[in-house]
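Scroll down for the structure; my scribbles are underneath it.
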Amino acid sequence: METSARVVLVEDDEDIRVVAEKALRGSGYEVFSAGDGETGLELVKQKRPDLVILDLMMPRMHGFTVCQAVRRDPSLRHIPILITSAKSYPVDVARACELGADYYLMKPYDIQVLLQTVKTLAGDRSQLAVKFWGTRGSLPTPGAATLRYGGNTACVEVRDGDTIIMLDSGTGAREMGDALAKEFQGRPLHVHLFVSHTHWDHIQGFPFFAPAYRDGNQVDVFSLRGTGRDLREIFTGQMDSSYFPVSLKDMKSKLSFVELNGQVQVGRAEVSHLFLNHPGVAVGFRINVGGKCLVYVTDHEVYTRMSGQHEQHDKLDRQLNEFARKADLYIRDAQYTEEEYATRQGWGHSTWKDALESAHEAGVTQLALFHHDPGHDDTTMDGILSSAREYMNQRGMHFNCFAAADNMLVRI
């Protein structure tokens, strides 16, 4: 990999630090290392890196303190932080997330897993920033068992300079909205929300999206017309007084609802859509901007797996793979294991193997497994990711694969 990304590595275990530093430099990263928290924090201030890799139990300054200091500094708070620790207590993972860590990697870690995680988090600041605010499917799953991958339903932020694109507004929309409100500090902001479909888990966070309530802001909602009701009616209906104490009319921002009928230009971004195989009306999105491409395909079932081999089914599956062709990041429904799919065929979702095969056929650079089943806790997700990487090795697949997690930041 050719990259000029800068990494500050803060690790008091010399053996781990030497191995990690060598691997990172061998992968093209510029690395600055420290053996204690205080020195590490000073390095972050001096070098302004693209990523901080941070141990927790360090002399002179604990990793939590370093993380908190970085997040409190306006000039540093944008820097992704990867926590690495042998402590696997849920309370420590939760605290790291509260203090602003982007990812928590358990020790001992495989060096290739470290490099893949670093590749996901670090990158050129001129590139697209993609942040996962919600990665769960069907319904939210809060609790100790889902701390690392998260329990919020679908919501992804795509940032190209000042252009803010939001993909779906599941429960992750609340945290995204709160973060935007804190970032803009009352300055007007314009959000372009693209909704894949209006099933509950993809819109249930919208009534809690803070920027929509502020006068001077603008929120444009793009999706397809529903079956029998237009887009505005659907969003108005979910905030009916029978279900919610605040109506759509109480949102003081300028709201517009645009029913898609072709490609949309948002800033530099060109956003196109493709119908997906899911009950009702659902679409995936392809975002092309500045020579980079992101494809978002959630809630999709492979046609040939659902309905059997047929020329028409094969054609539709190929269309989807062409839609994702050469994507720098492919966010893909991977809700089920193969065993689960045997009893859930026809429910409108894919397995992680389906996602891998599609990514391989499309020739993508990175695949984010997405729309995690509510029954899959962190341990299950670890097992799925391990199985996926083993399957990739067996099949000769060479893209980077990771499981999306709430609060994860990816740059492409």
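The values are calculated or read from the model by the stated rules, or taken from the named source; none is laboratory data. Just so you know, these numbers come straight off a predicted model, no measurement behind them. Neighbour counts are summed over all protein chains in view; Cβ atoms, including those assigned to glycine, are modelled from backbone coordinates with ideal geometry.
The residue list A96, A129, A154, A86 contains one member that is closer than 30 Å to L193 by Cα, surrounded by fewer than 24 Cβ atoms within 10 Å (Cβ to Cβ) and hydrophobic (A, V, I, L, M, F, W, C), which is A129. Here G363 meets the list (1) over 22 Å from L121 (Cα atoms); (2) surrounded by fewer than 16 Cβ atoms within 10 Å (Cβ to Cβ) almost entirely, failing just condition (1).
Exactly one residue out of V130, V158, V191, V195 is under 30 Å from P279 (Cα atoms), within 16 Å of the chain's Cα centre (by Cα) and free of Cβ contacts under 8 Å to residues at least 60 places away in the same chain: that is V195. For N393, the stated conditions do not hold, so it cannot be described as over 24 Å from L121 (Cβ atoms) and either polar (S, T, N, Q) or outside the structural domain of Q265 (by TED's automatic domain parsing) (or both).
With respect to the conditions (1) touching a residue at least 12 places away in the same chain (Cβ under 8 Å); (2) farther than 21 Å from H371 by Cβ; (3) under 23 Å from the mean Cα position of the chain (by Cα), F244 lacks only one, and its number is (3). Identification of strands (runs of 3 or more DSSP E) wholly contained in the stretch 329-403 with 1 or more residues that are closer than 17 Å to R148 by Cα and more than 16 Å from the chain's Cα centre (by Cα) yields no element.
Would you confirm whether or not the stretch 175-186 contains a residue that is part of a loop (DSSP other than H, G, I, E, B) and in the same structural domain as H371 (by TED's automatic domain parsing)? Yes, the stretch 175-186 contains at least one residue that is part of a loop (DSSP other than H, G, I, E, B) and in the same structural domain as H371 (by TED's automatic domain parsing). Considering the stretch 126-153, the residues that are polar (S, T, N, Q) and within 19 Å of L99 (Cα to Cα) include one that is modelled with the lowest pLDDT, namely T146. Exactly one residue out of F222, F235 is among the aromatic types (F, W, Y) and either assigned to a helix (DSSP H, G or I) or touching a residue at least 60 places away in the same chain (Cβ under 8 Å) (or both), and it is F235.
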